[in-house]
Amino acid sequence: MPDIEMAPYVLAAYVLGWAVLVGYCVYLAAKMSKIGKEVDHLKELLKKE
Amino acid sequence: MNQDKLALDVRSVSKMFGRRQILTDISFTLKTGEFLLIVGPNGAGKTTLLKILATLLSPGSGDAFVSGFSVKKNPTKVRERIGFISHNHLLYRDLTTYENLKFYGEMYGVKDLDARIDELLNMVELNHRRYDTVRNFSRGMFQRLAIARALLHKPEIMFLDEPHTGLDPHAVDILDGMMRDMSSTTTFVMVTHHIESTLSLGTQALILDEGKIQYCSDTGIDLERFRSIYGKVCGRGIEHDCD
Amino acid sequence: MTAIRQGWAILRKDLLLEMRSKEVFTSQFLFVVMAMVIFYFAFSPNIKNLTTVGAGMLWVAITFTSLLGLNRSFVHEKDEECLDGLLLCPVDRATIFAAKFIGNFFFLTTLEVIAVPIFAFFFLTGTFLPNLGWFLLILLLGNVGICGVGTLLATISMNTRARDLLLPVLFLPVMVPVIIPMVLATNYIFTQGESMSELSVWLYTMAIFDIMYVVAGYVLYDFVIGD
Amino acid sequence: MKKGVVWVLGAISVVALAVSLYWIFVVLPIVSREQTGFSQKIFYFHMPAAIISFVAFMVTFIASILFLAKKDFKYDILAYSSAEIGLVFGVVLMIFGITWDKLAWGVWWTWDPRLVTYLILLFLFGAYFFLRSMVSERMKQARFAAVFGIIAALDVPVSFFSTRLIKNVLHPVIFSREGFGLDMNMTIALLLAFAGMTALYVLMLMLKLKVEHMMEDVHVLKDMIESRRD
């Protein structure tokens, strides 16, 4: 396979690989903010009672 | 036997299942030869406590000493010294009466096993069923054989988890007879519903509620206090079951 | 001494129970023979000499059949609620592992004593006969591996919600790297049968695995049995 | 958790990975055909991902042993958090791996020992999480998972070794990575990628642990509210 034809495969691999890594980080961050909200909510409830 | 030796020494045992606190900081002692009754409503942690003492569950924190051996560090030594009767009969259905006892006897390393098996089968009146597989036994027969199983190795301490549940009158007689005969030499710990009928057996009592000790006698049962706390915890008098 | 007495008591009890019901053996035997029949129809249209795929067929059949037996190795304790009875006995958990391991090994070997000759009769030409000793050694090493790790994982899976559903999920990926040398070595014996020098690498791999997992099972068993 | 550490780690990984990308695609010349040409650029991310996922599973292994020894849930949390991240890196690795196969041998999948090893490893840790989901009692779950984690990690060397065996039979050795002969620029690119990925792993682990501890807080808070109502 000539080099120029390899390029899309290599780039696709990089993009996909990165997508997985970044995707996981985003998932963690999203989860964190969701739970953060829940913690705040519960803390407030606890103060009120 | 030294009557002052401690049969049980429970030191701030706590236990959690997942996030649920089952037992909270349980501490008490029991002298050799005593008969301890443990009562309390369903979900009070009675069975859990008994299982911890019998090394079937590990204490989450704290430790308990049975005949001086720690259930955490020396469970095998504890197991050698205890007998356990629960509503599960712990018998293999496809083995005969004799084979069941033979198996457990070998596990405990009982000496003169055949003689011991004879003696026990006579006691629980099952000698005529010696070569029957236990699969088709009635509930009462299962329970009688379970008593024999638990006594094989002449335990120093017997743990009984609601032993009267589902028994026929014959089995109840045998069970009560066994407890009376052995009570001078053996320490008993019994979790029970039927408080009124068993109160005469007990020399000490413990009331558990929500994993905490509500009442714990140390010099014999103070019937007044026992009645009042029982009434408070179970919501009725001791002539009724607590559950 | 105590451990040997207790281990023997557990082993004898399991043998007695199986001799009485014969349920595990019967189902395993049916399964393994039917697997062979299906293999024949799956492979025979394209492959003239079935000896060339014999190693694969044999180990697929044995591995899957062993799952049936491993799943049943605690059936009496679990279904009849005798596990507490066993755990109340003053016995080292490692001894229970050893007894169950030997029991499983015995059952699997018994099955193979009958199933492997049938398999050979159906599929193999006689060329491997001069190396029968090596073949038996591979079977032995394979059985030790299957039962060593299988006993440990079966104990885990019987204590979970999924029960026998979980065992294949845990067992097969753990076994794959071991099935590979087993299949290769067996294939080598079935099809080449001359120089045995290459065989040693595979045998060593299997032996290392066997030792590793039997030791792991022995040491870790305390953590997987009971509540 | 120190917020500063997270930012620093994040910055390190972003900068190192960006610079390494620059190095890989701009600075480095395309190597000659004999040395597999453009596809060689995969290697700079492939190898660090492999090492990190391996390290992640080793962390699981060690944390599992520590859990069994100490019965402290923080080791259990560490074990499964690291396993999860190991799986993420494992997936990345598989993506690079199969692309490499396509470029080197013209097919998406060959039974290359490294690929097979990692495939098995992914299944093992997939099974690890399946096992966890099948046990609800917390202590039992942690104990079983720790035992299986140890078994799974022990499997790695065997799996590597035995998949090498197939290789010897099916393919004679086609290609060995040791033959690359890294020069200065290649080393820089590789080290940058490696540093970036390591920082990323530590960052992910810290975030994941934080999430798990926050979930613990949620339970504690709920318990507190419920016990007040009683």
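As a test of the formula, what do you get for chain C when each DSSP H run with n ≥ 4 contributes -39,500 (n - 2.57) and the sum is divided by the residue count, at 222 nm and rounded to the nearest 500 deg cm²/dmol?
-28000 deg cm²/dmol
About its Cα centre, the dipole of the protein assembly as shown is roughly 1200 debye, where the only charges are +1 on Lys and Arg Cβ and -1 on Asp and Glu Cβ. For the protein assembly as shown, the square roots of the Cα gyration tensor eigenvalues, ordered a ≥ b ≥ c, give a/c of at least 1.5 with a/b no greater than b/c, which places it in the oblate category.
Counting only protein heavy atoms and a 1.4 Å probe, chain D has 43 square angstrom of accessible area per residue.
Its relative contact order, with pairs defined as Cα atoms under 8 Å and 6+ residues apart, puts chain B at 27 percent. Between the alpha-carbon centres of region D:56-124 and region C:50-75 there is a gap of 27 Å.
Counting protein heavy atoms only, region B:1-96 has 46 percent of its accessible area on carbon and sulfur, 1.4 angstrom probe. Straight-distance candidates among the aspartates and glutamates for linking to B:Lys77, with alpha-carbon spacing under 18 Å and chain neighbours fewer than 8 residues away dropped: B:Asp9, B:Asp63, B:Glu106, B:Glu156, C:Asp84, C:Asp92, C:Asp222. Between 0 and 90 degrees, the angle of helix C:2-21 with respect to the longest Cα principal axis of chain C falls at about 70 degrees. Take every pair of alpha-carbon atoms less than 8 Å apart whose residues are at least six positions apart; their mean separation over the length of chain C yields a relative contact order of 29 percent.
Short-range pairs are left out: with C-alpha atoms under 8 Å and at least six residues apart, the relative contact order of chain D is 35 percent.
For region C:144-161, heavy-atom accessible area (probe 1.4 Å) falls by no less than 30 Å² from the chain alone to the full protein assembly at C:Ile156, C:Asn159, C:Thr160, C:Arg161.
Averaged per residue, region B:135-195 has 33 square angstrom of accessible surface, using a 1.4 angstrom probe with ligands and nucleic acids left out. Near B:Leu160, the amide H atoms lying under 5 Å from its own belong to B:Ile85, B:Val189, B:Met190, B:Val191; only residues 5 or more places off or on other chains count, and H is placed 1.01 Å from N. Counting only GluC sites (Glu not before Pro) that DSSP places in a loop and that have at most 16 other Cβ atoms within 10 Å, the longest clean stretch of chain B runs over B:1-124.
Note on chain A: dipole from Cβ charges, positive end direction compared against A:Leu16, A:Met32, A:Leu45; the farthest Cα belongs to A:Leu45.
Interface size, chains D and A: roughly 3500 Å² of accessible area buried, both sides included, 1.4 Å probe, rounded to the nearest 100.
Think of each Lys and Arg Cβ as +1 and each Asp and Glu Cβ as -1; about the Cα centre, that makes the dipole of chain B roughly 820 debye.
The D-C contact accounts for roughly 2700 square angstrom of buried accessible surface, both chains included, probe 1.4 angstrom. Peptide B:89-99 has a mean shielding of 5, counted as Cβ atoms of other protein chains within 10 Å of each residue's Cβ.
Does anyone have the angle between helix B:169-182 and the longest principal axis of chain B? Alpha-carbon axes, 0 to 90°, nearest 10? Here the helix axis deviates by roughly 80 degrees.
What a 1.4 Å probe finds exposed on chain D is 70% carbon and sulfur by accessible area, rounded to a whole percent.
Farthest toward the positive end of the dipole of the protein assembly as shown, out of D:Ile42, D:Ser64, C:Thr191, is the Cα of D:Ile42, where the dipole comes from beta carbon charges about the Cα centre. Taking 4.7 Å between beta carbons as the limit, the unpaired Cys residues of the protein assembly as shown are A:Cys25, B:Cys216, C:Cys82, C:Cys89, C:Cys147.
Using the rule -39500 (n - 2.57) for each DSSP H run of four or more residues, divided by the residues of chain B, the 222 nm mean residue ellipticity is -10000 deg cm²/dmol. Peptide D:115-128 has a mean of 3 when you count, residue by residue, the C-beta atoms of other protein chains within 10 Å of its C-beta.
Placing unit charges on each Cβ (+1 for Lys and Arg, -1 for Asp and Glu) gives region C:3-226 a dipole about its Cα centre, and among C:Gly150, C:Thr52, C:Tyr40 the Cα reaching farthest toward its positive end belongs to C:Tyr40. For chain C, the Cβ-based charge dipole about the Cα centre amounts to some 260 debye (Lys, Arg positive; Asp, Glu negative; other atoms uncharged).
Summed over both chains, the area buried between C and B is near 2500 Å², taken from the accessible surface of protein heavy atoms with a 1.4 Å probe. Derived scalar couplings between HN and Hα for region B:32-39 equal 4, x, 7, 10, 9, 9, 10, 10 Hz in order, rounded to whole Hz, by the Karplus curve 6.51 cos²θ - 1.76 cosθ + 1.60 (θ = phi - 60°), x for Gly and Pro.
The spacing between region B:150-169 and region D:185-230, judged by their C-alpha centroids, is 51 Å.
When the alpha carbon gyration tensor of region C:3-226 is reduced to an equivalent ellipsoid, the three semi-axes, largest first, read 32, 19, 15 Å. Exceeding 24 Å between C-alpha atoms, which entries from my cross-link table qualify? They are A:Lys34/D:Lys222; B:Lys5/B:Lys154; C:Lys13/D:Lys140; B:Lys73/C:Lys13; C:Lys78/D:Lys140. Cα-Cα > 24 Å for C:Lys13/D:Lys140; B:Lys73/C:Lys13; rest within. Rounded to the nearest 500, what is the 222 nm mean residue ellipticity of chain D from helices alone, with -39500 (n - 2.57) per DSSP H run of 4+ residues and division by all residues? My calculation for chain D gives -28500 deg cm²/dmol from helical runs alone. Protection proxy ranking for C:157-169, C:124-136, using the average of other Cβ atoms within 10 Å per residue and placing the highest first: C:157-169, C:124-136. Accessible area per residue for chain C is 40 Å², calculated with a 1.4 Å probe on protein heavy atoms, without ligands, DNA or RNA.
Compared with the dominant Cα axis of chain D, that is its longest principal axis, helix D:184-229 is turned about 20°. For region B:60-110, the set of trypsin sites (Lys or Arg not before Pro) satisfying both a DSSP loop assignment and a count of at most 14 other C-beta atoms within 10 Å is given as B:Lys73. Apolar share of the accessible surface for region C:1-158: 75 percent from carbon plus sulfur atoms, 1.4 Å probe. Bridging of D:Lys102 to aspartates and glutamates at a Cα separation below 19 Å is possible for A:Asp3, A:Glu5, D:Glu34, D:Asp112, once same-chain residues fewer than 8 apart are set aside.
Which whole number gives the average count of other chain Cβ atoms within 10 Å of the Cβ atoms across peptide B:7-16?
Other-chain Cβ atoms within 10 Å of each residue's Cβ, averaged: 0.
The values are calculated or read from the model by the stated rules, or taken from the named source; none is laboratory data. Worth saying up front: this structure is predicted, and the values here are computed from it rather than measured. Glycine gets a Cβ as well: all are built from the backbone with ideal geometry, and neighbour counts include every protein chain shown. Quick note on the areas: whole protein, heavy atoms, side chains included, nothing else; ligands and nucleic acids left out. Shrake-Rupley method; radii C 1.70, N 1.55, O 1.52, S 1.80 Å.
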